[in-house]
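Coordinate-derived values only; no laboratory data. Here the structure is a predicted model, which means the values were calculated and not measured. Counting neighbours? That spans all protein chains shown, and the Cβs are built from the backbone with ideal geometry, glycine included.
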Amino acid sequence: MVAEPGFEAHASQPVGTGRRRKRSAKPRRRPGIITALAVWMIVAGAASLLGAVTAIGLDAVWRIGLLSVETAEKITVDQNALTVTGLLLLAGAVVDMVVGIGALRLKPWAWTLGVAVTAFDIATRLWTLTVDDFSWPVAIGASMAVVVLFYLQQDDVKRAFGR
């Protein structure tokens, strides 16, 4: 039994009635900068996770009374702010690591989430610049995020993510 090109023939089926074979798509190449950005996201996520564990751990120690009165008096942060900060850092850590791993695997959703995270980063940095005194690190971070967002919009990068 001879199958037509593009069809699989099965012994129980007449020739030409088989299912279409999925043609192997040409493997997508990950641009080098995407690799660097993905690794950066994973490292940033790990750092945020460390910060989250520290903040949540310090809050827990504080709440159950294991801190001495002298140590507790030295802490100038509101206890609830410490909890919220820890939880926000934890959420950010998870998102950063998910985006980084997805970008290494060139998942289409990683591109979408990466654009959203980068746009959110730009917005928060610009808001920080408007409500606080000018800060060069914040301004440089915002500029770098704009460059990343511009890079993510390039056709070859979109194509690599299957967009």
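Rounded to the nearest angstrom and ordered from largest down, what semi-axes does the equivalent ellipsoid of the stretch 89-128 get from its C-alpha gyration tensor (root of 5λ)? Walk me through the intermediate numbers first.
Numbers: eigenvalues 80, 30, 6 Å².
Equivalent ellipsoid semi-axes, largest first: 20, 12, 6 Å.
So for Met41, Met97, fewest C-beta neighbours within 10 Å to most, what's the order?
Fewest-to-most ranking of Met41, Met97: Met97, Met41.
If each of Thr54 and Leu149 carries a label point 7 Å out from its Cα toward its Cβ, how far apart are those two points in nm?
Reported label-point gap for Thr54 and Leu149 is 2.9 nm.
How far is it, in nm, from the label point at Leu113 to the one at Glu70 when both lie 7 Å from their Cα along the line to the Cβ?
If labels sit at Leu113 and Glu70, their model points lie 4.6 nm apart.
Under a crude label model (7 Å from the Cα following the beta-carbon direction), how far is Ile101 from Ile140 in nanometres?
My value for the distance between the label points is 3.1 nm.
Give, in nm to one decimal, the length gained when the segment between Val61 and Leu87 is fully stretched (0.36 nm per residue of separation minus the Cα-Cα distance).
7.8 nm
Arg28 to Leu129: FRET efficiency via 1/(1 + (r/R0)^6), r the Cβ-Cβ distance, R0 45 Å, to the nearest 0.05?
0.75
Test of understanding: ordering Ser48, Ser135 by Cβ neighbours within 10 Å, fewest first, what list do you get?
Result, fewest neighbours first: Ser135, Ser48.
Kindly give Rg over Rh for the stretch 77-163, based on alpha-carbon atoms, with the Kirkwood expression for the hydrodynamic radius.
1.05
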